[in-house]
1. Identify, among Trp543, Gln131, Pro170, the residue whose Cα sits farthest towards the positive end of the charge dipole of the chain, taking +1 on the Cβ of Lys and Arg and -1 on the Cβ of Asp and Glu, with the dipole about the Cα centre.
2. Among Ser218, Pro271, Pro484, whose Cα sits farthest toward the positive end of the charge dipole of the chain (+1 at Cβ of Lys/Arg, -1 at Cβ of Asp/Glu, about the Cα centre)?
3. In Å, what is the Rg of the alpha-carbon atoms in the stretch 583-670, and how long is Dmax?
4. May I have the pair-distance distribution P(r) for the stretch 120-209, computed from all Cα-Cα distances with 5 Å bins from 0 and rounded to whole percent?
5. Rounded to two decimals, what ratio of Rg to Rh does the stretch 516-596 give with C-alpha atoms and a Kirkwood Rh?
6. Would you work out what percent of the accessible area of the stretch 6-150, with all protein chains in place, is carbon or sulfur (probe 1.4 Å)?
7. Can you give the charge dipole size of the chain about its Cα centre, rounded to the nearest 20 debye, using +1 on the beta carbon of Lys and Arg and -1 on the beta carbon of Asp and Glu?
8. With a point put 7 Å past each Cα toward its Cβ, work out how far Lys481 is from Tyr429 in nm, to one decimal.
Amino acid sequence: MCDGDEDPAVFTCSSLPPDPRLLATVTNAYLGTRVYRDILHVGGVYNGAVGDTHRADVPSPVNVRMAMPGVGNLAETFTLNTRIGTFIHELRTADCAATQQIYAHHALVNLMAFSVTLRRSARATQPITVQLQTPFVPKSQDLDLHRGAAFQGAHYVYGQTLVPEVDGGPRPTVHMLWTPVPPALTLRGEERERRWEFLTAVAESEEEAKKSYSQGLSLIAAGSLHASHAGAWAARWHGCCVDLEGPLALRQALYGCLYYLLSAIPPQRSPGFLFHGISPGGLANGTQGEDYWGHVFWDQDTWMFPNILLFYPEAARAILEYRIRTLEGALRNAQEQGYQGAKFPWESAATGREVCPEEIYGAQEIHVNGDILVAFEQYYRTTQDQKLFREDGAWRLVGSVAQYWCSRMVWSEEEQCYHIKGVMPPDEYHSRVDNSVYTNAVAQRSLKFAADVARDFFVPVPEQWVDCAEKVKVPFDAERKYHPEYDGYSPGEPVKQADVVLLGYPLMLPMSPEVRRNDLEMYEPVTERHGPAMTWSMFAVGWLELKEVQRAQSQLNKCFGNITEPFKIWVENSDGSGAVNFLTGMGGFLQAVLFGYTGFRITKTGLRFNPALPQDIDKLKITGVSYFGNKLEFAIAKEEIRIKVTESPPNPPASPLEAVLEESGQRVLLREGQSISLPVVAGWIQRSSTSAG
C-alpha cells in the first residue's frame, strides 16, 4: 500500500527555505515568477545582443506578502497545491484566518493573480487587519518603460526591450496592467468573510493586455477567477494521471515534476498560441547571469519533450513549431560555420541564432541538431501528423538538418567510413574530439528518419543521405564489447554526465544485452557523482531494460539528492550549484518512470511496452497516453498488465488499435471502454490489422 494518507500532490511547510531560489514557482506557458520575487518573465521576450541575450526582467506586481505584526499565537503555513496550481499562504489565530492565493492562470495565460481572503471565527467581533508588503516599483533594467493612462482601475505601463538579439531584429514590447495594492486590508466588525482579488495582465500589445484584464475582471465579478484556473488544472491532470502504489517520496517527486513541467506547456485547445520553448529553469528564471539566461537547449527536446508527447501531442507540436520558426536562424548558423543545411544553436532564444556566451559550445556541441530530429521523429511515429511535415514546415527542417550532417562528415580512406570531427559530446569534460559515439549515432538516426519521411511522401531520397547514414562511423570496441565515448577514449576517464548510455535509450541503437550491460558497467563508476540531475535516470532506464530492477532503483534514488524541500524544486547538481527549478532533471526522472518502469519505446511499428517494477512498487497506473489519436490507460502490476482505450475520438477518427505480444504473436483488439488483461511480457500497441481478433 501507499505510505499513509498524505496527499502526494500538496507540499506544506511552516517556514520558507532560506535560499530564495528554492521558493515555489507559479508559471504558465507565457508568464512566470517565483513567489515573493520582484520580477517576472514573459515567454519569448529577451533583451541583449547574441551572447548577452537573456530573459527580460519585468517588474512583478504579484510580489506581495501578508503580515499581521503584533498578533500573538499566530500560526503560519505555506502550501504549494499542485492539483490547482496555486501557492497558498495562510495566517491563523484563534479569532481569524487570512489566506493568500498566488497563481499564473492556467487557461488565460496573459493573467497572473493573487487574492486575500479574511475570515473571522463566530465569537470574534473586532475589525481584522492584514498588512500587504510589496516592494513593487514599475522599473526594469531591460525595458524602457512608460506610464500609460489608467484602465478600469488598473495602473498601466508599457515599453520595449532595449537591445535586439541580432542587428535589425525585433525589440519586443511589453504592456502591463495591474490592480493597485493597498498597504492594508480590513475586515470590518459586521463582516464574517471577504475576499479581495488583484490582477496582473501582460501582453505584447495594448489591445491584448486590456482585453485580458477585462476578462479577469469579468471572472472576478462572477466569482470564478480562481475557479476557472483550478478547473483548467483539473482538466490537465485528468488527461495526465500517474499513480503508483509505492513510497510517498517517489509519489511526491512525480507530482512535483509533472506540475512544474505541465506549468510550462501551452493551454489546451489553443492553436493560435505562439509558444517560445522551454528553458532549463523555466519562465520563473533566466535573468542575466541566472539559469542559462532563459535560453532553450537540447534539454527541451531530449529530456522534457518525450513526457509531454506521451500525454499532450498538441503541446508537443507547439514545441516543434518553435524549432520550425527558428529554422532561418539555424540556416544562417550553418552558413557562417561553412556548412550546408541548418545548424540549430546550442543555446536558442527568439531568432534561432547562436546565443551561447561561450563560443566553444555553439561551435562543437552539434548533437543538438540530431536531438531535435529525434523529437520530430517521436512525434511523427505517435501521431502521423503529416500536415506538420507537408504544410507547416517540418519537412524543410528535417531535410535541412540531414543536409547539414552530410556536409559535416568527412570521408576516411583509411577506415572507409565517414567521420565527424572536432565536436563536444554530451559529456562536456571533453572537447574537439573525433567521432563522438553519441553525436555520430544521433546523426545516423537523423538521416534514416529523413529518408523514411521522404519515402512516405514519395519524394526521391538523396543518395548522399543513405550513403552517409550507412557509412558514418559509430565507434565500437569489439574486444571489450562496449562503445568508447569517442575516438581515443580510455576506459576510466571521468565523464560529466549521461552520454554513451543514451545510445540504448532514447536512441535505441541496436546492440546486444551484453553490450548494453558493458556500457552501463563501464560508465557508471566514472560519471560525475554530483553532475547534472538527469544522468542517473538514464542509468536507471538501462538497468530496467536488463530487468535489474533494484540496481535501477539505486540509480534513480540518487536523483533525490537534487530535489529540495519543501516545494520539490530541483537543482541541477546535487551540491546545489547550477540551474534551479531544473526542468531537465525532472524530465529525465519522469522518463525513468514513464519509459523505464513501463518499457515504453516509440518505434516505427508501434508503441512498445516491456514493464519492470521495483520491489517497493506494487502497481503503476498511467492514464492519458496518446497514440494515433486514442487515449490509453495502462495499469501495471507484478503479475498483470491491463490496457484500456479510454477515448477514441470520432472526428477526426482515431485509428483502431490492437495489442501484440512479442513472443507468442497473440493479437488482442483494443475496443474503447473495454479493458484487456495481459501477462507482464514484452509487446506493443499498433494500428489494428483487418484480421485482428
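1. Farthest along the dipole direction, towards plus: Gln131.
2. The residue sitting farthest along the positive end of the dipole is Ser218.
3. Expressed in Å, the Cα Rg and Dmax of the stretch 583-670 come to 13.9, 42.
4. 3, 11, 17, 16, 13, 11, 9, 7, 6, 4, 2, 1, 1, 0
5. Expressed as Rg/Rh, it is 0.97.
6. Carbon and sulfur atoms account for 51 percent of the accessible area of the stretch 6-150.
7. 2100
8. In this crude label model, Lys481 to Tyr429 measures out at 2.6 nm.
The values are calculated or read from the model by the stated rules, or taken from the named source; none is laboratory data. Here the structure is a predicted model, which means the values were calculated and not measured. Methodologically, a virtual Cβ is constructed for each residue, glycine included, from the backbone with ideal geometry; neighbour enumeration extends over all protein chains shown. What goes into the accessible areas is simple: the full protein's heavy atoms, side chains included, and nothing from ligands, DNA or RNA. Shrake-Rupley method; radii C 1.70, N 1.55, O 1.52, S 1.80 Å.
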